[in-house]
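This report concerns only the one structure given below.
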Amino acid sequence: MYTLTYQKVTNQKSFYSVFTILMVSQVLGEQDCYGEKVLVKERCMKSIKLGEPYIPPTQSCIRAVEKSDMTCICRILTTEDQLEISVAKTLRLADECNKPVPAGSKCGNPLSV
């Protein structure tokens, strides 16, 4: 009886440890691309600006996108970001720069704008 209970508690602790590690990794991973998001917004605003026609990216913009995790950037776009930039144009930009965001990925907040 003691062995079974000890094993059950140990398994629960292992589960919670793995769960915690995965959650911390996800949060840290998202934090890692905030700088990339700022860089892409700065260098590519002419291409992704909301309410303006799409303009092909400059070389500076292309280099920024090539260095960035566009899937991560898409995932962390805020409602405030979406007041400035178009998610559709951001996805197009990523695709044109050979950094496509996989279909089904979260990109922005679907309830905003």
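Things worth noting here:
- Residue in the stretch 36-58 that is touching a Pro at 6+ places or on another chain (Cβ under 7 Å), at pLDDT 95 or above and not β-branched (Val, Ile, Thr) present: yes
- Single condition Cys107 does not satisfy, out of (1) modelled with pLDDT under 95; (2) in contact with a helix residue (DSSP H, G or I) (Cβ under 6 Å, 6 or more places away or on another chain); (3) open to solvent by 90 Å² or more (accessible area, probe 1.4 Å): (3)
- Within the stretch 83-102, the residues that satisfy the criterion of being part of a helix (DSSP H, G or I), open to solvent by 80 Å² or more (accessible area, probe 1.4 Å) and not hydrophobic (A, V, I, L, M, F, W, C) are Arg92, Asp95, Glu96.
- Among (1) surrounded by fewer than 20 Cβ atoms within 10 Å (Cβ to Cβ); (2) in a helix (DSSP H, G or I), the one test that Ile55 misses: (2)
- Which numbered condition Arg43 misses (of (1) crowded, with 18+ Cβ neighbours inside 10 Å; (2) in a loop (DSSP other than H, G, I, E, B)): (2)
The values are calculated or read from the model by the stated rules, or taken from the named source; none is laboratory data. Everything numeric in this text was worked out from a predicted model, so none of it was measured. We place every Cβ from the backbone using ideal geometry, glycine too, and count neighbours over all the protein chains shown. Heads up: the accessible areas ignore ligands, DNA and RNA and are worked out on the full protein's heavy atoms, side chains in. Shrake-Rupley method; radii C 1.70, N 1.55, O 1.52, S 1.80 Å.
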